[in-house]
1. Checking Glu196 against (1) charged (D, E, K, R); (2) out of contact with any strand residue (DSSP E or B) (no Cβ under 9 Å at 6 or more places or on another chain); (3) without any contact (Cβ under 8 Å) to a residue 60 or more places away in the chain, which test does it fail?
2. Take the residues in segment 189-218 that are in a strand (DSSP E or B) and within 22 Å of Trp80 (Cβ to Cβ), then tell me which one is most open to solvent (accessible area, probe 1.4 Å).
3. Out of Thr186, Thr282, Thr258, which single residue is under 30 Å from Ala363 (Cβ atoms) and assigned to a helix (DSSP H, G or I)?
4. What is the number of the single condition among (1) in the same structural domain as Val365 (by the TED database); (2) open to solvent by 20 Å² or more (accessible area, probe 1.4 Å); (3) closer than 30 Å to Ser68 by Cβ that Leu259 does not meet?
5. What pairs come up if the first residue lies in segment 45-63 and is among the acidic types (Asp, Glu), the second is surrounded by fewer than 21 Cβ atoms within 10 Å (Cβ to Cβ), and their beta carbons are under 6 Å apart, counting only those six or more places apart or on different chains?
6. Only one residue in Val40, Val29, Val72, Val94 is within 30 Å of Thr318 (Cβ to Cβ), buried (at least 22 other Cβ atoms within 10 Å of the Cβ) and of a type outside the set (Lys, Arg), so which one is that?
7. Taking Leu130 as meeting all but one of (1) within 23 Å of Asn41 (Cα to Cα); (2) in contact with a Phe, Trp or Tyr (Cβ under 7 Å, 6 or more places away or on another chain); (3) outside any strand (DSSP E or B), write down the number of the exception.
8. Restricting segment 312-342 to residues that are loosely packed, with under 14 Cβ neighbours inside 10 Å and outside any helix (DSSP H, G or I), which is modelled with the highest pLDDT?
Amino acid sequence: MFLALRELRFARGRFTLMGIVIALISVLVVLLSGLSSGLVNDGVSGMKSMPVTAFAFDEGTMTDNAFSRSIVDDEQLTSWQDADGVDKAEPLGVSIVNTVTDDDTQLDLTLFGVEPDGFLAPEVSSGEKLGDVAGIIVSQPLEDAGVELGTVVTLDRIDLELTVVGFTEGQSTFGHVDVAYLPIETWQLIASNTAEAGAPTASAIDNVDYPYSSVVAIQAADGEELDYAASDDAAGTTSMTLNEAFNASPGYEAETLTLTMIQVFLYVICALVVGAFFTVWTIQRSHDIAVLRAVGASSRYLLRDSLAQAAILLVGFTIVGVAAGVGLGALMPSAMPFALEATPIAIASVTTIVLGLLGAAVAVVRISRIDPLAALGGRR
């Protein structure tokens, strides 16, 4: 460490410049991590909050936007309810609609039709739980947009009126659209295209003959592993785990793959930049290193010393960059889907440091090949 610290003090200008580059890369990594987490939350937070093990789609449904394409019937639902290892299986209806509030504010909503007393029913932060056939529970951020308890939203084209009776705990979105939870029977009334203008009534719902939903939501029994293949064959469905089903929401896979690719390029750039810096630095001090080899310093000692130097640089300026990135993230406008989460930021920071060390290691491995005779003038 003596040599590493001495060189850091001696060439502090060059090391500071390199550190600024590392810090800027760390800022970008943090911002991309926050943007990635924000897009995930804005795209599938409604699904993430569900205590679901898997979803069963109709067999042959295209995975792209599968929730909107799939239709399952009561027989498929019953088959999953009777499947081995399944604790609960309930219908879930999904549809994205255009609405207008009673004060003429236009809203896009994703309707989640659920059993009011089932495990898919949302917890509320204010208002009432699901029950009334004309009542909906909406995503909490809509409260900041002016939606209140008692607000009436009218569905475009069919003029069906639904009343806000509660707000979810935290954000609940699907496909970047705020979710509105409503009883599955009301969703089936809407999906059957038999709804009349005005608020839905119990008698109108009783007259609906529409034994379908979008998917079957499955909750496995504690300690049980589901045999998805066998259950799918019996029910005529295609199942996906909760995390796999994220890709079935609109735009999720394309957005996450794009941001992941950008992050990977940033990691590669970090490794290349750090490696290039230490390659040049090692070449510049090759004579000094040869002198140390000539007086008895081992290759392992010199390699360890150089890696310690790189670690000090990477860890120190990555911390600076992360702190700056968190500060900038806190200033992001609320309209931007941005969320600072500790785990993704920690993983991104550690990855940056590790890949930087790998780049430095490749550069300084040449230390072990320096001939001690070079320090004694043997090659002059």
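1. (2)
2. From segment 189-218, those in a strand (DSSP E or B) are 198, 212-213, 215-218; that's our starting set.
Within this subset, residues satisfying the condition of being within 22 Å of Trp80 (Cβ to Cβ) are 212-213, 215-218.
On the way: Tyr212: 87, Ser213: 9, Val215: 0, Val216: 0, Ala217: 0, Ile218: 0 Å².
Among those that are in a strand (DSSP E or B) and within 22 Å of Trp80 (Cβ to Cβ), it is Tyr212.
3. Answer to the selection: Thr282.
4. All conditions pass for Leu259, except number (2).
5. Listed pairs, sorted by first residue: Asp58/Ile71; Glu59/Gly236; Glu59/Thr238.
6. Working: Val40 fails: buried (at least 22 other Cβ atoms within 10 Å of the Cβ); Val72 fails: within 30 Å of Thr318 (Cβ to Cβ); Val94 fails: within 30 Å of Thr318 (Cβ to Cβ).
Going through Val40, Val29, Val72, Val94 in turn, the sole match is Val29.
7. Of the numbered conditions (1) within 23 Å of Asn41 (Cα to Cα); (2) in contact with a Phe, Trp or Tyr (Cβ under 7 Å, 6 or more places away or on another chain); (3) outside any strand (DSSP E or B), the odd one out for Leu130 is (1).
8. Leu331
The values are calculated or read from the model by the stated rules, or taken from the named source; none is laboratory data. Remember, predicted model here, so these are calculated numbers, not experimental data. Note that each Cβ is placed from the backbone with ideal geometry, even for glycine, and that neighbours are counted across all protein chains shown. Please note that ligands, DNA and RNA were not included when accessible areas were found on the heavy atoms of the full protein model with its side chains. Shrake-Rupley method; radii C 1.70, N 1.55, O 1.52, S 1.80 Å.
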